[in-house]
Amino acid sequence: QNSQPLIPSSSLLSPQSPDCSHSQLHILCFTGDITQKGYEKKRGKLLAPYIIQNEVPPLQSGGGAAPTPSSSGSSTSHHRHSHCPRRSGGTRDERYRSDVHTEAVQAALAQHKEEKLALPMPTKRRSTYIQSPTDTHTPPDSSSSSDDDESSGAGLQSPDSWLDSGPQGSTSSSSSSSSSSASHSDHRSPHAPQTHMHTHTHSPAPHPHTPLPPHSHSQPVALAEAFAHAQIGVPVSSRVSTKIQQLLNTLKRPKRPPLSDFFTDDQQEIVEVPRPDPNTPRPEGRQVIPVKGEPLGVVSNWPPSLQAALARWGATQGKSPALTALDITGKPLYTLTYGKLWSRSLKLAYTLLNKLGAKNEQVLKAGDRVALVYPNSDPGMFWVAFYGCLLAELIPVPIEVPLSKKDVGSGQVGFQLGSCGVCFALTSETCLKGLPKTPTGEILQFKGWPRLKWVVTDSKYLTKPSKDWQPHIPTANTDPAYIEYKVSKEGTVMGVAVSKVGMVTHCQALTQACNYTEGETMVNVLDFKKDMGLWHGVLTSVMNRIHTVSVPYAVMKACPLSWVQRVHIHKARVAVVKCRDLHWAMMSHREQRDVSLASLRMLIVADGANPWSVSSCDAFLNLFQAYGLKPEVICPCASSAEAMTVAIRRPGVPGTPLPARAVLSLGGLSHGVIRVNTEDKNSALTVQDVGHVMPGGMSLMCIVKPDGPPMLCKTDEIGELVVNSRAGGTMYYGLPGLTKNTFEVIPVNASGAPIGEIPFVRSGLLGFVGPGSLIFVVGKAEGLLIVSGRRHNADDLIATALAVEPIKTVYRGRIAVFSVTVFYDERIVIVAEQRPDASEEDSFQWMSRVLQAIDSIHLVGLYCLALVPANTLPKTPLGGIHLSESKQLFLDGALHPCNILMCPHSSVTNLPKPRQKQPVGVGPASIMLGNLVAGKRIAHAAGRDLGIIEDQDLVRKHQFLTEALQQRAQTDPDHVLYVLLNSKGTAVCTATCMQLHKRAEKIAAALMERSGINTGENVILLYPPGIDLIAAFYGCLYSGCIPVTVRPPHPQNLTATLPTVRMIIDVSKAACILTTQFYVKILRSKDASASVNIKTWPIIIDTDDLPRKRPAYVYKPPSADMVAYLDFSVSTTGMLTGVKMSHAAVSALCRSIKLQCELYSSRQIAICLDPYCGLGFVLWCLASVYSGHQSILIPPAELELSLGVWLSVLTQYRIRDTFCSYSVMELCTKGLGGQTDALKARGVNLSCVRSCVVVAEERPRLSLTHSFSKLFKDLGLSPRAVSTTFGSRVNIAICLQGTTGPDPSTAYVDMKSLRHDRVRLVERGAPQSLPLVESGTILPGVRVVIVNPETRGPVGDSHLGEIWVNSPHTATGYYTIYDEENLQADHFNVHLSFGDPHTLWSRTGYLGFVKRTELTDSSGGRHDALFVVGSLDETLELRGLRYHPIDIETSVSRAHRSIAESAVFTWTNLLVVVSELCGSEQDALDLVPLVTSVVLEEHHLIVGVVVVVDPGVIPINSRGEKQRMHLRDSFLADQLDPIYVAYNM
């Protein structure tokens, strides 16, 4: 497989002309009688059904087959032949002929066509791969389906048809997607509502003559239905929704193996184990009896060893030719005679033993291993080197010439050289010159190679041996003679050692089997360094004084017919070739008319064991019979590096019937049994025999099970061929462990007892023994893919893929098939090289057809099908595909495909059963539902008491913030409360208590003077972060208005930001807007009018230049329960909610923060946050006025101008407590991570920081806080400093890590249990464990309880539930347009269903749990830690389980180094993953399989759509939270401009 591209063609084989139709083949295969002469009856009976005798019809003069009665089956085949005229080298010429297999594939695809399923085609940004010239004729998007409408069932139409017909798409075929045809056909209204998402609608296909838009990539195809989820504002005409609808339609098909019911346990998800199918075929025969080879005839003049043979011919037949080498044009370059070969080898042996060291010291001694590095084009030098080593009793190790440092697998070759202990390499002068060199001219040290000394073996450097020197030619013994390399399935290169006796016995056995006679001529097209090319072309040929003509790979590439010409010119009797060479000869046979193959008595097909070789042999015979080729000379054989030649067909006697063929059922083969294929002719495999076991009285062969102990198979079972003979390998040199499992196998019988003491060698070939002891091989062990317990052969899958027409998309010989382990099973991956001229649509058509063909014929789903640009798959030295390297690239995400189709939905059938949720009853009985177990502590936690305030005056003074500010202005007028800094860290504005009071008065006066603004009305504050905002806030309170802070619109992005401002203004029914002159202009600008109606703004007051007036009075609210301000915020799910904060809540909250953080007038805190909502607003505007401490304000926008400003300020002011947001922390981590030394040099020192608190309303981002602490540890930041807060809409501050109390603790939770709404605590490092960190200490006065959201009953300690909160600073309710009472009642003032029915709680909407720790809290009791898991609104309900987006995103971001950020959401039960690509666009498609696999492995979910976008596309709010719903809407509205969208099947 390494050295040649697999080019399977037909699977059925009788010599026939192209016009011989399927029906004739059918008759040829299924008639005929079975020969059983002299064979045991029982065995014959058992195997009879599997072998079918093929009679060869007499050939007529025209070269066509004898006419056979035609049956109805022939119409399809005639139809196809009429479509495909014979062209040489074109899309379909004779070498690709696999009539029966192609028929089978066409039939399978025809069945799919009846189902009419359109697969959504991936969307690709045009710039990504500009390699398809046909883009100018992009066919309609909708025709990306898997089928073409054509009247003839199986005839597939070529894409040329739509290219010629222009915009009149004659074959628009997507009819199942209920969405594609509305825009073309007028029988439905464009917005006909679809009744239910999952009904299977079949809408009629558009009329063939309806004009279709020629470029539908640029314009979305109209949707035929308003989605069931239409309340989300998704444009109905979005292209994305159309594709998703197509995808859903495809996914509605039943999966291949129907899912059986199986056991699930609540705690664990059990992966489905397929139940044994009662209809699985089982072997029924009796145990195989070992097959014996014929005795080795004793020939008197056989030389005792190869060296002796060479000595004899060199002395007696010096003039007879041994080897003819060809130049690149295929002309003879030189001929080496036996005399020359002998004398040169002798010289080399003498030189190696005596002349390498200084002063005649012997450097190499007998038994040392020596590498032979010779190019394929120089057989002469190789022969001399090989025989020179044998004469010197050194062990030659032939390897490939390393061409570059990055050569695929070169490290593995180094491993082999190391395991063989090689120190010297022999090479030729020209080859040495071509090796990669270092700048100083020395030969490069290749990766993984041992240090080698290079020896040039050209004649001019060799020394003639002295007269008295004679080589020692020993008799053959069991010492190694040479070491042949072998590449394993994993890519490891191992050396198979062949003993001297093994080498000579193998030559004798080949001589007898092939009837070699002295002086014959042989043409060898194979690699002479190993395998059949070495055994026939270098060893056996010398033993029999044969003249070998060596045809190198380079000549074959330039002139594919060269080997046929050589046979003709030299009248060769034997040719050793591979199927590839047969194909190449057929391809170019028109170039030469006058060749004759009549001289051949044996055409050895080295890869005859490949089950698809049979078609190549037939097609070749078919074509070249006219050139004198006799049918009986074709001799397939089977071999492997370990067992050497296992079996070879002997040359036949002219006139005798050709051997039988077996037509086997692929279904049976997948279960490892031999069944004759009767019912479904689509899934048949026809195999030819590879002759009999090799001669040798000792040689035995039996069939054993390929996996597990080597148990003998039954007669109708497929197993691995194991051989015992002297002519085979003896070990993997230097690897004793591996050797034991391969070279020392003792087969056992059914009861497990060994059948003897002789060890057998595993050949790595899978097959069976047929009647007459003929050997049949159906595949290689290394090509075996075991999926869900069934075996599939990589070669068979390749053949099916290649039978899908038209084949203009990919290169035939460049397809790799391998399996990867994902989610407890093997998954099949096919990678092919795409032709540069194939268009996207052709490729997609071809891919979707291959999927269906493999699904129908092999009954197995593909996991991934990828097309890569031409010439990008790693190659083996002779041009084949380097499989293990390709697989590694796929796994590493470095394959860079240009097209990819993942099919996890159809191939992954072992997912756990979706969870059915139990209905819950409310009441004390729910204690039994596992919410609480007797003796368990109820999960609740509380902060310390707010305490009784000593001085009652203080309470009165601080009941309202306005009074606090007025009092501070009187008692301490010059105390600076606020300092606002710019990006340079300089103070641009400060405010003392008095200044703030005066500014507030000015604004209050302005508000009171304006008519139309009454007490209690809402006023919008539209300010950048700063002191104006604070003054405006107190101005509103002074005048009795209710302030609503709103983030001002972004001047550069009004279209996105202004509508939110407008929405808050409308929702809050604001009477007035306070803002600066700059924003007044923006609100009234022309740009603003583009996105909102600017004529309907409420009153706008510019507060920049107000007159200095005092208000008549400062308003005092009659009661502390009145609303102080409104807090509006957009949640991550895109919901705008405003909550009402009363004066009592404001002062309770400020007091709680003051206690927790120990704030008083001499303290300074630094704030780098957005001041518009939540705790950020409270810290920015309220806390300083209440507690009197100084707040240093750093607007986050300034940080973007100068990243280091926040850290420098912390140093400069020696700040002990600072508050920031996740986005600030991320900016510093990403932007300053590599500059810690520079910051240190600038004097940044963070050792003063006692607490750095991240203000958030989400699960703490452990990885970010951890990397921040680690990065800035060098600048003195204490690892204990960083902590987080937790708040929600109903209560903006629940937890805040203050100055006292224990450090936040970490818990490790099993992710599987979280999906089941449970918490299972595990140890650190446990598989599937998720680290969660406590969200800070609970604030004073706050009580928290964990509640089951369904039963509303409390749950036990360490159980997951919704966090409910009770505290004096909880908001008083939602501020909504319609005062939706139900939502209000549901979230605020709710009671527990049992336990404590009197307390009023508020629901935070977050899931979490309370865990009692071993730490002590400030009051001396045990500390209860609150862990936040995530928002209930955000969770994804998939397969009955609850997933938190952040967990899936964490997995996705780890999948590939180029994923910067990712976000997930669901759409109609499909999981959509959006990943930002930070690498080159080439990597885009590499992400698709990695993302799909990682989510499947870690979360047991199948990703429906993978979207790859540019960095920065995922929207993030000011708190640094991902806006997943915005992202979802943009995706469905087709506004993301993605690099690539993959729809997983």
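The values are calculated or read from the model by the stated rules, or taken from the named source; none is laboratory data. In this text the structure is predicted, and so the values were computed from the model without any measurement. Don't worry about glycine lacking a Cβ; one is built from the backbone with ideal geometry, like all the others, and counts go over all protein chains shown. For accessibility, only protein heavy atoms count, side chains too; no ligands or nucleic acids. Shrake-Rupley method; radii C 1.70, N 1.55, O 1.52, S 1.80 Å.
Observations
- Check on SER788, hydroxyl-bearing (Ser, Thr, Tyr), in contact with a Ser or Thr (Cβ under 8 Å, 6 or more places away or on another chain) and open to solvent by 30 Å² or more (accessible area, probe 1.4 Å): yes
Condition check ((1) within 28 Å of TYR374 (Cα to Cα); (2) not hydrophobic (A, V, I, L, M, F, W, C)) across all residues:
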site: MET847; (1), (2): no, no
site: ILE854; (1), (2): no, no
site: GLY861; (1), (2): no, yes
site: VAL868; (1), (2): no, no
site: THR876; (1), (2): yes, yes
site: GLY880; (1), (2): yes, yes
site: LEU883; (1), (2): yes, no
site: SER886; (1), (2): yes, yes
site: GLY893; (1), (2): no, yes
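- Test: residue in region 843-863 that is touching a residue at least 40 places away in the same chain (Cβ under 8 Å), farther than 16 Å from SER906 by Cα and of a type in the set (Asp, Glu): no
- Entirely in region 1246-1349, the strands (runs of 3 or more DSSP E) that have 1 or more residues that are open to solvent by 40 Å² or more (accessible area, probe 1.4 Å) and β-branched (Val, Ile, Thr): 1306-1310
- Residues that are charged (D, E, K, R), part of a helix (DSSP H, G or I) and closer than 24 Å to TYR387 by Cβ within region 541-573 comprise just one, ARG566.
- Residue list for region 608-648, filter: surrounded by fewer than 24 Cβ atoms within 10 Å (Cβ to Cβ), closer than 26 Å to GLY696 by Cα and out of contact with any strand residue (DSSP E or B) (no Cβ under 7 Å at 6 or more places or on another chain): GLU632
- If you go through region 503-531 and keep only what is within 22 Å of LEU417 (Cα to Cα) and not basic (Lys, Arg), you end up with MET503, ASP527, PHE528, ASP531.
- Selection status of ASN793, more than 30 Å from ASP368 (Cβ to Cβ), surrounded by fewer than 18 Cβ atoms within 10 Å (Cβ to Cβ) and in contact with a strand residue (DSSP E or B) (Cβ under 6 Å, 6 or more places away or on another chain): no
- Some residue of region 846-869 being open to solvent by 20 Å² or more (accessible area, probe 1.4 Å), on the phi > 0 side of the Ramachandran plot and of a type in the set (S, T, N, Q): no
- Subset of region 744-777 that is touching a Gly at 6+ places or on another chain (Cβ under 8 Å) and of a type in the set (Val, Ile, Thr) - its residue that is most open to solvent (accessible area, probe 1.4 Å): ILE746
- Here LYS500, LYS460, LYS489 are screened, and the one residue that is touching an Asp or Glu at 6+ places or on another chain (Cβ under 7 Å), among the basic types (Lys, Arg) and at pLDDT 90 or above is LYS500.
- From ALA322, ALA309, residue being open to solvent by less than 10 Å² (accessible area, probe 1.4 Å), under 15 Å from VAL504 (Cβ atoms), touching a residue at least 60 places away in the same chain (Cβ under 8 Å) and more than 52 Å from the chain's Cα centre (by Cα): ALA309
- Within the set LEU878, LEU873, LEU895, the sole residue that is open to solvent by 10 Å² or more (accessible area, probe 1.4 Å), part of a loop (DSSP other than H, G, I, E, B) and closer than 26 Å to ASP527 by Cα turns out to be LEU878.
- Residue list for region 265-306, restricted to those being modelled with pLDDT of 85 or more, surrounded by fewer than 13 Cβ atoms within 10 Å (Cβ to Cβ) and more than 25 Å from THR505 (Cβ to Cβ): ARG282, GLU284
- Considering each residue of region 547-555 in turn, at least one proves to be within 19 Å of THR324 (Cβ to Cβ), at pLDDT below 90 and aliphatic (A, V, I, L, M).
- Test: MET1008 is of a type outside the set (D, E, K, R) and touching a Ser or Thr at 6+ places or on another chain (Cβ under 8 Å): yes
- Scope region 1421-1456; condition among the hydrophobic types (A, V, I, L, M, F, W, C) and part of a strand (DSSP E or B); matching residues: ALA1425, LEU1426, PHE1427, VAL1428, VAL1429, LEU1436, LEU1438, LEU1441
- Verdict on GLN1535 being assigned to a helix (DSSP H, G or I) and not basic (Lys, Arg): no
- When region 654-673 is filtered for residues that are crowded, with 24+ Cβ neighbours inside 10 Å and either acidic (Asp, Glu) or free of Cβ contacts under 8 Å to residues at least 24 places away in the same chain (or both), nothing remains.
- PRO651 open to solvent by 30 Å² or more (accessible area, probe 1.4 Å), more than 29 Å from SER751 (Cα to Cα) and touching a helix residue (DSSP H, G or I) at 6+ places or on another chain (Cβ under 8 Å): yes
- In region 1419-1437, the residues that are touching a His at 6+ places or on another chain (Cβ under 9 Å), hydrophobic (A, V, I, L, M, F, W, C) and touching a residue at least 60 places away in the same chain (Cβ under 8 Å): VAL1429
- Residues of region 1382-1420 that are at pLDDT 85 or above, outside any strand (DSSP E or B) and open to solvent by 60 Å² or more (accessible area, probe 1.4 Å): ASN1389, HIS1391, HIS1398, LEU1400.
- Boolean, GLN1482 is part of a helix (DSSP H, G or I) and surrounded by fewer than 19 Cβ atoms within 10 Å (Cβ to Cβ): yes
- Any hit, region 519-542, residues being over 38 Å from the mean Cα position of the chain (by Cα), among the acidic types (Asp, Glu) and open to solvent by 10 Å² or more (accessible area, probe 1.4 Å): yes
- Among the residues of region 638-653, those that are touching a residue at least 24 places away in the same chain (Cβ under 8 Å), part of a loop (DSSP other than H, G, I, E, B) and among the aliphatic types (A, V, I, L, M) comprise ALA641, ALA643.
- Criterion applied to THR475, THR505 was being more than 30 Å from ILE569 (Cα to Cα) and open to solvent by less than 30 Å² (accessible area, probe 1.4 Å), and the one residue passing it is THR505.
- Residues of region 1045-1082 satisfying the condition of being touching a residue at least 60 places away in the same chain (Cβ under 8 Å), within 14 Å of SER1129 (Cα to Cα) and open to solvent by less than 30 Å² (accessible area, probe 1.4 Å): THR1045, VAL1046, ILE1064, VAL1067, SER1068
- Looking across SER983, SER1089, SER1085, one residue alone is farther than 30 Å from GLN967 by Cα and in contact (Cβ under 8 Å) with a residue 60 or more places away in the chain. It is SER983.
- Taking strands (runs of 3 or more DSSP E) as the structural unit, those lying wholly within region 1135-1217 and holding at least 3 residues that are open to solvent by less than 40 Å² (accessible area, probe 1.4 Å) and modelled with pLDDT of 95 or more correspond to 1164-1168, 1190-1193.
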